[in-house]
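Colleague: Mind looking over this structure? Questions follow.
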Amino acid sequence: MISRRIVLAALCATLSASAARAQTAVVQGHALATDGAPVPLSVVRLLPAAGGRGRTVLTDARGAFRFDTVAAGSYRLRRERIGYTAPSSAAFAVADGATTEQTLRAALQPVVLEGISTGRPACYTGDRLGEAPAVQALWREAMKGVEQRRAFAAQYAYRYNQRTRGTAHLRLVRDKRIDVDTTVIVHPDSTRARRARAVAKGDTAQSKSLAIKIPSELTLLRDDFLVGHCLEANPQLDSAGAW
């Protein structure tokens, strides 16, 4: 009797898992330029057509993207990449167990800014960015770069070496030389926790007994950051003639 129950439970679990798989679909496709060339490392968002939070993936070297385990419903796709327009697809239906193909084409559109000119240094919070179109354009392009890095960290495992060199000028004690080499390992499973820590506390670089608080772009480049902070636009050119 016990053996039969175990077998029946295992069979039911298998059938339930098969039914669950049958209730999901795949949305895949390519991100291309207008001439048909693939555009790798584009951020592609799968969004419910009725609104709400969606999912994000990064295109590969062929410009391909894929969303697995998509529930049936109505969706649209949006693609973002620095230097390109940001096209959105029309709403499309996804059926249970089906594979839906979509192609997102975007035109090359380098961001060219007019000179930033102010009568005095101005500081723009999020609700005032519309008063400074050039500053707003820079902010939006920077946000695209951050989303690209976030998507990469959520999709791929990688590591990099980080080198910190400098001198800390401290009160009441002698200057302290900073000389730190760190190997950073990033894995998709740890990305969410790492992001939460960075947003909550900022990144901290350690040098023996000296700790330096360095907010990362994950902390700085958020919409809510510009609620209590602002971007300053001061008309000063660097040696290359750029703002």
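Read-outs throughout are calculated quantities, based only on the coordinates presented, and are distinct from any laboratory measurement. Computed from a prediction, not measured in an experiment: that's the story for all the values here. All Cβ positions, glycine included, derive from the backbone under ideal geometry; neighbour counts span all protein chains shown.
Colleague: Taking amide H atoms as placed 1.01 Å from N in the peptide plane, list the residues 5 or more away in sequence, or in a different chain, whose amide H sits under 5 Å from that of TYR124.
Modeller: LEU231, GLU232, ALA233
Colleague: In Å³ and rounded to a whole number, note down the convex hull volume per residue for the Cα atoms of region 75-190.
Modeller: Considering the Cα atoms of region 75-190, their hull volume per residue is 239 Å³.
Colleague: Can you give the FRET efficiency to the nearest 0.05 for HIS229 and VAL111, using r as the Cβ-Cβ distance and R₀ = 25 Å?
Modeller: Calculated transfer efficiency: 0.65.
Colleague: Sticking with this one: What FRET efficiency do you get for VAL173 and ALA196 if R0 is 30 Å and r is their Cβ-Cβ distance, rounded to the nearest 0.05?
Modeller: 0.30
Colleague: Evaluate E = 1/(1 + (r/R0)^6) for THR34 and SER74, where r is the Cβ-Cβ distance and R0 equals 35 Å; express this FRET efficiency to the nearest 0.05.
Modeller: Efficiency computed from Cβ-Cβ geometry: 0.85.
Colleague: Next question, about the same structure. When the chain is fully extended, how far beyond the present Cα-Cα distance does HIS187 get from LEU220, taking 0.36 nm per residue of separation?
Modeller: 9.7 nm
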